[in-house]
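Colleague: The structure's right below; bear with me while I get my questions together.
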Amino acid sequence: MGAIQRIVQWSRVKSPWVIHFNSGACNGCDIEIVASLTPRYDLERFGVLLKGTPRHADVLLASGPVTRQIEDRLLRIYEQMAEPKFVVAVGTCACTGGVFQGLYNVKGGIDRILPVSAYIPGCPVTPNAIIDGVVKLLASLENPPKKASAG
Amino acid sequence: MGTALIQILVFPGLLFLAVAGLAGEFIDRRLYARFQNRMGPPWFQPLADFIKLLSKEELVPDGADRGLFRLMPVFALTAVVTAFFYIPLWGTSALHAFSGDAIVVLYLLTIPTFTYFLGGYTSKSVYALLGSARTLTQLYAYEVPLFLAVLGPCLLAGTWSLSELTLFFQARPWALAANAAGFVIALIALLGKLEKVPFDIPEAETEIVGGAFTEYSGRFLAWFRLSFDIEMITGASLLAAVFLPFGLGLGFAAGFGLYLVKILFLIALIALIRSLVARLRIDQMIGFCWKVLAPVAFLQVIVNLVLKGIFFS
């Protein structure tokens, strides 16, 4: 890895701007996401800033199972983000569909629609878990995990 | 030619201003965080943000004027850096000075606001359009008090040159006391220019996602953010030159240190105001600027005229 790529990688790890999207959650996880951005948890320590527009954001914090109605919107928000971009599934419903799995109007977890980089389970997730998940995602960017050997 | 290039690109030009701007942003954000009883970002945060934005993909929305959309950030950056050359910093003379540079500096500091408007206007997004309309509306509110506030000291000194202005006040420091009200007005107007709380109405994140910059990403957003940072340094330098021109004859090292102290003081004031108050509505902002700031600024001009008639005629 060249020096410039190393600097760029460093800057990406140190400055993740997030956008928060509710893809059909019951609002429990959304309240916890907002709570984790308050001065009490002070996510700006890690360079995390909440952005209103997908154009500025690097990380999409999506909460809740994907409903059929929100599917197009979720895709559109994801398409509007500039590369490189990451998706974090926040909450059990976002990871697998949770208690809503199998409903006629629910597609399932976020990973049915988008490539997900990190899963944060919990119902609802605590702010501590969200911070831990985001920090682990950033750490995995710095030292990418080795691909599991085939078989 | 060689020295001119170094002055423009390195010191006190683009490179120095970029470092000062990023440092200023860090100090502003850190103080804001400390006032809110939290840790705040590490010292390299603005630099990391800048490099990350430079390395990101840049998207131009469909239907936008591609040339205008790409040019506007460069225009904003150029205008604020150019304005910096005409402001006396640590000596009594600016890098380039001529009679009338006070007007040129104020004019150059207006250009970034217009680039924010045009950039937002051409993005073809409803949020960006709303943000740019608010940017222009706000411009008509704070610009008149700012111009009047700078006009006061200029009238007193009887010159339109910032360098001659600092010379005048250097000889008569007590005359500065007459412009205390003007200083407060100019500081409040600067908050509007920099779109800081309580005047961050154009980019109000909770209402109109990102204002005029909603559709900007990657490199273009990085230039816009840098131009905001440098505008803060340039605006603070202008206020320091017009309202706090003391200790300018100390030579380079001490003068430069004193200049940094003045800029730090102004940035700390901005951060303090930012953490003390909440965002105003656009009508409240315009009402405040036209009903309170502008009359006080007029009064300041009259006081200066009377003083000039009594003492300096």
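Colleague: Go through the stretch B:16-42 and give me each residue that's in contact with a helix residue (DSSP H, G or I) (Cβ under 6 Å, 6 or more places away or on another chain), hydrophobic (A, V, I, L, M, F, W, C) and more than 9 Å from every other protein chain (Cβ to nearest Cβ).
Modeller: The answer is B:Leu17, B:Ala20, B:Leu22, B:Phe26, B:Ile27, B:Leu31, B:Phe35.
Colleague: Still on this structure, please answer the following. Here's a check for you: in the stretch B:152-187, which residue that is touching a Ser or Thr at 6+ places or on another chain (Cβ under 7 Å) and of a type in the set (A, V, I, L, M) is farthest from B:Ile273 (Cα to Cα)?
Modeller: Among those residues, the one meeting the criterion is B:Leu167.
Colleague: Inspect all residues belonging to the stretch B:295-307 and state whether any of them is over 22 Å from B:Leu165 (Cβ atoms), at pLDDT 85 or above and in a helix (DSSP H, G or I).
Modeller: Looking through the stretch B:295-307, at least one residue is over 22 Å from B:Leu165 (Cβ atoms), at pLDDT 85 or above and in a helix (DSSP H, G or I).
Colleague: Does the stretch B:107-126 include one or more residues that are charged (D, E, K, R) and in a helix (DSSP H, G or I)?
Modeller: No.
Colleague: Next question. Tell me, please, whether a residue that is surrounded by fewer than 19 Cβ atoms within 10 Å (Cβ to Cβ), more than 9 Å from every other protein chain (Cβ to nearest Cβ) and touching a residue at least 24 places away in the same chain (Cβ under 8 Å) can be found in the stretch A:19-26.
Modeller: Yes; the residues of the stretch A:19-26 include at least one that is surrounded by fewer than 19 Cβ atoms within 10 Å (Cβ to Cβ), more than 9 Å from every other protein chain (Cβ to nearest Cβ) and touching a residue at least 24 places away in the same chain (Cβ under 8 Å).
Colleague: Among the numbered criteria (1) modelled with pLDDT of 90 or more; (2) buried (at least 20 other Cβ atoms within 10 Å of the Cβ); (3) more than 21 Å from B:Ala102 (Cα to Cα), which one does B:Leu266 miss?
Modeller: So B:Leu266 meets the others, but not (3).
Colleague: Go through the stretch A:79-108 residue by residue and tally those that are more than 17 Å from A:Ile131 (Cβ to Cβ) and within 14 Å of chain B (Cβ to nearest Cβ).
Modeller: Matching residues across the stretch A:79-108 total 7.
Colleague: Let me ask you something else. Among the residues of the stretch A:78-100, is there at least one that is at pLDDT 85 or above, farther than 22 Å from A:Trp17 by Cβ and either polar (S, T, N, Q) or not in a helix (DSSP H, G or I) (or both)?
Modeller: yes
Colleague: For the condition more than 20 Å from B:Tyr140 (Cα to Cα), modelled with pLDDT under 80 and either among the basic types (Lys, Arg) or surrounded by fewer than 24 Cβ atoms within 10 Å (Cβ to Cβ) (or both), what is the one hit in B:Leu176, B:Leu244?
Modeller: On inspection, the qualifying residue turns out to be B:Leu176.
Colleague: Let me ask something else about it. Would the stretch A:40-53 turn up any residue that is crowded, with 18+ Cβ neighbours inside 10 Å and away from chain B (no Cβ under 14 Å)?
Modeller: Among the residues of the stretch A:40-53, not one is crowded, with 18+ Cβ neighbours inside 10 Å and away from chain B (no Cβ under 14 Å), which makes the answer no.
Colleague: Quick one: count up the residues across the stretch B:202-223 that are touching a residue at least 60 places away in the same chain (Cβ under 8 Å), at the interface with chain A (Cβ under 7 Å from one of its Cβ atoms) and within 22 Å of B:Ala48 (Cα to Cα).
Modeller: Residues that pass the stated criteria total 7.
Colleague: Go through the stretch B:30-43 and give me each residue that's in a helix (DSSP H, G or I) and touching a residue at least 40 places away in the same chain (Cβ under 8 Å).
Modeller: Listed by number, the residues that qualify are B:Leu31, B:Tyr32, B:Phe35.
The values are calculated or read from the model by the stated rules, or taken from the named source; none is laboratory data. Every value quoted in this text rests on a predicted model; they were computed, and no experiment measured them. Cβ coordinates were reconstructed from backbone atoms using ideal geometry, including for glycine residues, and neighbour counts include every protein chain displayed.
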